[in-house]
Amino acid sequence: MNLKIDHKSPVPLHVQAENLLRELIKQPEYIEGKLLPNEIELAKRLAISRSTLRLAINKLVYEELLIRKKGIGTKVANSKFSSKSKNWLSFSQEMKNRGLEVKNFELHVSWVVPDKIISKFFNVDENQKLLKLERLRGKKDDPFVYFISYFHPRIGLTGDEDFKRPLYEILESDYHVVADLSQEEIDAIAANKFIADKLEVNMGDPILSRKRFVYDQSGKPIEYNLGFYRAESFTYTVESRRDY
């Protein structure tokens, strides 16, 4: 198989490497247990750094497509069932999959000192200002979710980004930060006055609250996200597979 990275392509190098690896591990010899070329050799063949290659490999290891064993190497994992929720989506992706166009009704960017819980999540000083992104979103003529996101300062966001673009596309394409893992907490709460006004419901009406904690491929936190959904407009579906 010809492994070649297009260094003139706008697609990030680690994404190209990941796509090449996905094709490579479909080859019969690797499915049957042959070890992948070592990182030094493979990075040299692709003309990329080992750190860039490692981002791609780590993604496939997390997806349980590859197994890395110290002192032995990396090879294709045997197929098995997993209880992990792998296919979490951004709001833009969720809407796109439903054939709906996303509309931003409000978009606010500011630098704020967050509360202690958020500072602790990011492991930053309590006086450290973070970029705060607030968006009222939904489909045409129907705003039904209000998002509040905070970002770790190491990402390098300035606040001047075009946040009408998909958020994770901005992080990956512009800052080479890959949102890899999402942990979520779901609650039913009563709408306070602020959220009620945004979602055009009555104060005290039930709404769905979702906290999303997003990490990069190395396990470092990158986003603390709060989502408030109008109850009648959103259903959260959980799919689980029994592990034998």
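The values are calculated or read from the model by the stated rules, or taken from the named source; none is laboratory data. Just so it is clear, the structure is predicted and the values come from calculations on it, not from any experiment. So basically every Cβ, Gly included, is an ideal-geometry build from the backbone, and we count neighbours across all protein chains shown. Side chains are part of the model used for accessible areas, which takes the heavy atoms of the whole protein and leaves out ligands, DNA and RNA. Shrake-Rupley method; radii C 1.70, N 1.55, O 1.52, S 1.80 Å.
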Per DSSP, the loop-located GluC sites (Glu not before Pro) within the stretch 144-214 having at most 14 other beta carbons within 10 Å are Glu200
Computed over the chain, the relative contact order (Cα-Cα under 8 Å, seq sep at least six) in percent reads 15
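Ordering His152, His108, His176 by how much accessible area each has at a 1.4 Å probe, largest first, what is the list? Before the final figure, lay out each step's value.
Numbers: His152 30, His108 80, His176 115 Å².
These residues rank, largest area first, as His176, His108, His152.
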May I ask you to give the percent of accessible area on the chain that is carbon plus sulfur, with a probe radius of 1.4 Å?
49
Across all Cα atoms of the stretch 13-76, Rg and the largest Cα-Cα distance (Dmax), in Å, are 10.7, 28
Keeping all protein chains in place, calculate the accessible area per residue for the stretch 13-76 (probe 1.4 angstrom), answer in Å².
56
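Using a 1.4 Å probe, what is the accessible area per residue for the stretch 91-230, in Å²?
Details: 7230 Å² over 140 residues.
With the other protein chains kept in place, the stretch 91-230 gives 52 Å² per residue.
Which number do you get for Rg(Cα) / (2.2 N^0.38 Å) in the stretch 91-230? Spell out each step's value before the answer.
On the way: Rg = 15.1 Å, N = 140, 2.2 N^0.38 = 14.4 Å.
Relative to the 2.2 N^0.38 Å estimate, the stretch 91-230 comes out at 1.05.
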The ³J(HN,Hα) series, computed from each phi in the stretch 61-66 with the Karplus coefficients 6.51, -1.76 and 1.60 at θ = phi - 60°, rounded to the nearest Hz and given as x for glycine or proline, is 5, 4, 6, 6, 8, 10
Per q in 0.07, 0.11 1/Å, what log10 I(q)/I(0) does a Debye calculation on the alpha-carbon atoms of the chain return?
-0.30, -0.71
